[in-house]
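Visitor: Dropping a structure here in C-alpha cells format, bear with me for questions.
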Amino acid sequence: MSGLTRGSVAVVGAAESDLGLVAPNTSPLDLMAQGTMRALDDAGLKLSDVDGLFVAASQTRMGPMVLAEYLRIKPRYFDGTIIGGSSFMTHVAHAQVAIEHGLCEVAVIAYGSTQRSVSRAAASPREYNYYESPYRPILPISAYAMAAARHMHQYGTTREQLAEVAVAARQWALLNPKAWEKEPLTIEQVLNARMVSYPFTVRDCCLVVDGGGAIVLTSADRAKSLKKKPAYVLGVGEAISHNSISSMPDLTVTAASESGPQAYKMAGIKPSDVDMLSLYDAFTITPILFLEDLGFCPKGEGGRFVQGGAIAPGGKLPVNTSGGGLSYCHPGMYGLLVMIEAIRQVRGECGARQVPDCNIALAHGNGGVLSSQCTVIFGSEAAL
Amino acid sequence: MQSLTEQSPLGTYIEHVKKGELAYQVTDDGKAVFYPRAVAPVTGGTLEWRVSKGLGTVYSTTAMYFKGEAPLNVALIDMDEGFRLMSRVEDIDAIEVKIGLRVKFRAHPGDDKQAPYPVFTPAEGSK
C-alpha cells in the first residue's frame with residue numbers, strides 16, 4: 001500500500017492455538033488467549049508489553065473488547081475489522097500504519113474458532129438475504145463452485161486439475177505434524193468423493209475444524225533485540241470487490257489482481273522473486289485463481305499450471321506447504337494461519353517441509369465469497 | 001428520493017413479483033441496477049423502476065446435493081437488459097443446467113414464510 005514503508009515492521013512471534021477438535025466448552029477466546037501467550041513467548045515478550053490489539057472472529061462480534069477483557073489488558077490501539085478470512089492480513093496492514101505512527105509498539109493479531117465443536121451453522125450463521133436465501137445456496141461452497149464452473153467453461157479447466165490442488169495440499173500435510181489429515185489422497189479419491197455442489201466434492205472443500213492463533217508485530221528496530229529472527233513486512237495490499245456472489249463482476253477474476261500489485265509495488269519485488277506462496281485454499285479453485293491474479297501464470301492458465309504436481313513437494317513452485325485449509329487446518333477464517341506458515345518459512349522453521357533459502361514468502365488471504373483479497377509479503381533479513 | 005417510511009425498494013420489488021413481473025431499476029444514464037436500492041450506486045443519484053422482458057442467459061450454475069433430495073440448481077442469470085441475479089432454473093434436471101442456456105422468468109409463489117421470488121425455466125427453442 002502506498003504511504004507505508006517497506007520493512008518498517010516485523011512479525012516477531014507466531015503461534016497456533018491447539019488445533020483440530022478441542023475439549024467441550026472451550027471458547028474461541030480460550031484459543032485466542034492461548035495463541036496470544038504462545039506467540040508472545042515465541043517473541044520473548046510479555047502480556048504487559050502488548051499495547052495494540054487486533055481481533056476478528058465469527059463467534060464473537062466485538063473481538064478487541066472481548067479479548068482485552070479476557071486478558072485484562074488496556075491496548076492503546078485496537079481494530080476489529082472483519083472481512084472474512086482475509087481480516088488478519090488487513091490487520092497486519094493496519095498494525096503497520098499504527099506502529100509507523102507511534103499509535104502502538106507491540107501489536108497482537110488474534111483469532112479463535114470452535115466450529116468443529118459447535119458446528120459450522122452455529123459458528124458462522126448466514127444472514128438472510130431475500131435475493132439469495134430462497135434458492136438455498138450452500139454458502140460459501142456454491143458461490144465458489146460457480147466460480148469454478150465459470151473458469152472451466154471459459155478456460156477449459158478440468159475437475160482433475162482442481163483435484164491436483166487437493167492432492168498437492170495433502171502431500172504437504174503429510175510433512176506437517178500439526179496437520180489434521182494423516183492419510184495420502186489421490187486424484188481419483190477427490191473426484192469420487194461425495195458430491196456437494198458441482199463441480200466440488202467434499203475433497204475440493206476445506207476442512208471444518210477448531211483452531212486459532214496469534215502473531216505479534218513490532219517495529220523493525222525493536223524486532224532486532226528479540227528472541228527470533230524477524231519476518232519483515234515487505235509489502236501489503238488490500239481490496240474488496242463485492243459482498244454477495246451475484247454482485248461479483250467476473251467470477252474468474254478476483255481482487256487479488258489489485259491487492260497483489262499493491263503489495264509487490266511496496267515490496268519492490270515481482271512474482272518471480274517469491275520463494276514460496278501461502279494462498280487461502282478454501283476450495284480447490286482458489287489457489288488457481290490466485291496464482292493467476294497474483295501474476296504466477298496468465299489468466300486462465302491456473303489449472304494447467306498446477307498439473308503434474310507443480311505445487312506439490314518437489315514441484316516447481318512451493319504452495320501451501322502447511323497442507324493448507326484443505327488438509328492442515330481450517331477453523332473458518334483461516335487467514336491468520338495462512339500467514340503463520342509463510343512467517344515460519346521465512347524463519348526457516350518448517351523442518352521436513354522447509355523450502356530451501358526461503359527469503360521471500362507471500363501470504364494471500366481471501367474472505368467472504370471471493371469478496372475481500374489481502375496480500376502480505378514477508379521477508380527475511382537477507383531480503384531487506 | 002422515495003420516502004422509506006412509505007415503501008422500501010424490496011417492498012416495491014416483491015409487489016412486482018406478486019404480479020408476475022421481474023422488476024429492476026435504471027440510473028439517470030440508463031444503466032440497469034440490481035438488486036433494488038434506495039440510492040443509485042456509483043453516482044448516488046435517483047433510480048427508476050422498469051419491468052424486464054424476462055429473458056436471460058445462465059452466467060454460471062451449480063447443482064447442490066442435499067441428503068435425501070434430488071439435486072437442486074442455483075444459478076446466476078444475466079438478463080438481456082444488463083443486470084444479473086441469483087435464481088434457480090426449474091423444469092430441468094439441476095445438473096443439465098449449463099452456462100449459456102437461455103432462460104425465461106417465472107414467479108415462484110413462495111409460501112407463508114417466504115415472499116414470492118423469481119425462478120427461471122429453459123426458454124422455448126433453447127438447447
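Visitor: Is it true that some residue in segment A:189-197 is surrounded by fewer than 19 Cβ atoms within 10 Å (Cβ to Cβ) and in contact (Cβ under 8 Å) with a residue 60 or more places away in the chain?
Guide: Within segment A:189-197, not a single residue is surrounded by fewer than 19 Cβ atoms within 10 Å (Cβ to Cβ) and in contact (Cβ under 8 Å) with a residue 60 or more places away in the chain.
Visitor: Got a sec? Which strands (runs of 3 or more DSSP E) wholly within segment B:36-100 have at least 2 residues that are more than 8 Å from every other protein chain (Cβ to nearest Cβ)? Walk me through it before giving the result.
Guide: Numbers: elements: B:48-51, B:55-64, B:72-79, B:84-87.
In segment B:36-100, B:48-51, B:55-64, B:72-79 are the strands (runs of 3 or more DSSP E) which contain 2 or more residues that are more than 8 Å from every other protein chain (Cβ to nearest Cβ).
Visitor: Could you identify the single residue in A:Tyr328, A:Tyr334 that is of a type outside the set (D, E, K, R) and touching a Gly at 6+ places or on another chain (Cβ under 8 Å)? Walk me through it before giving the result.
Guide: On the way: A:Tyr328 fails: touching a Gly at 6+ places or on another chain (Cβ under 8 Å).
Step by step, each of A:Tyr328, A:Tyr334 is checked, and only A:Tyr334 is of a type outside the set (D, E, K, R) and touching a Gly at 6+ places or on another chain (Cβ under 8 Å).
Visitor: For segment A:133-146, check the following and say yes or no: at least one residue is under 28 Å from A:Asp221 (Cβ atoms) and surrounded by 16 or more Cβ atoms within 10 Å (Cβ to Cβ).
Guide: No, segment A:133-146 contains no residue that is under 28 Å from A:Asp221 (Cβ atoms) and surrounded by 16 or more Cβ atoms within 10 Å (Cβ to Cβ).
Visitor: Among the residues of segment A:58-109, how many are outside any loop (DSSP other than H, G, I, E, B) and either touching a strand residue (DSSP E or B) at 6+ places or on another chain (Cβ under 7 Å) or more than 25 Å from A:Gly367 (Cα to Cα) (or both)?
Guide: Summing the residues that are outside any loop (DSSP other than H, G, I, E, B) and either touching a strand residue (DSSP E or B) at 6+ places or on another chain (Cβ under 7 Å) or more than 25 Å from A:Gly367 (Cα to Cα) (or both) in segment A:58-109 gives 29.
Visitor: Which of the following residues is basic (Lys, Arg) and in contact (Cβ under 8 Å) with a residue 40 or more places away in the chain: A:Arg76, A:Arg72, A:Arg38, A:Arg61? Steps first, please.
Guide: Working: A:Arg76 fails: in contact (Cβ under 8 Å) with a residue 40 or more places away in the chain; A:Arg72 fails: in contact (Cβ under 8 Å) with a residue 40 or more places away in the chain; A:Arg61 fails: in contact (Cβ under 8 Å) with a residue 40 or more places away in the chain.
Result of the check over A:Arg76, A:Arg72, A:Arg38, A:Arg61: A:Arg38.
Visitor: Pairs needed: first member in segment A:120-141, more than 8 Å from chain B (Cβ to nearest Cβ) and within 13 Å of A:Ser244 (Cβ to Cβ); second member anywhere, hydroxyl-bearing (Ser, Thr, Tyr) and in a helix (DSSP H, G or I); C-beta distance under 9 Å; at least 6 residues apart or different chains.
Guide: The qualifying pairs are A:Arg126/A:Ser133; A:Glu127/A:Ser133.
Visitor: Separate question: Being closer than 19 Å to A:Ser257 by Cα and in a loop (DSSP other than H, G, I, E, B) is the requirement here; does A:Gly315 meet it?
Guide: Criteria not met by A:Gly315.
Visitor: If you don't mind, there's one more thing I want to ask. Among the residues of segment A:156-180, which ones are in contact with a helix residue (DSSP H, G or I) (Cβ under 7 Å, 6 or more places away or on another chain) and surrounded by fewer than 18 Cβ atoms within 10 Å (Cβ to Cβ)?
Guide: A:Thr158, A:Glu160, A:Leu175
Table: residues versus (1) at pLDDT 95 or above; (2) in contact with a Pro (Cβ under 7 Å, 6 or more places away or on another chain); (3) within 13 Å of A:Asp275 (Cα to Cα); (4) buried (at least 21 other Cβ atoms within 10 Å of the Cβ).
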position	(1), (2), (3), (4)
A:Pro318	yes, no, yes, yes
A:Thr321	yes, no, yes, yes
A:Tyr328	yes, no, no, yes
A:Arg347	yes, no, yes, no
A:Asn359	yes, no, yes, no
A:Val369	yes, yes, no, yes
A:Val376	yes, no, no, yes
A:Ser380	yes, no, yes, yes
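The values are calculated or read from the model by the stated rules, or taken from the named source; none is laboratory data. These numbers come from a predicted model, not from an experiment. A quick note on method: Cβ atoms are made from the backbone with ideal geometry, for glycine too, and the neighbour counts reach across all protein chains shown.
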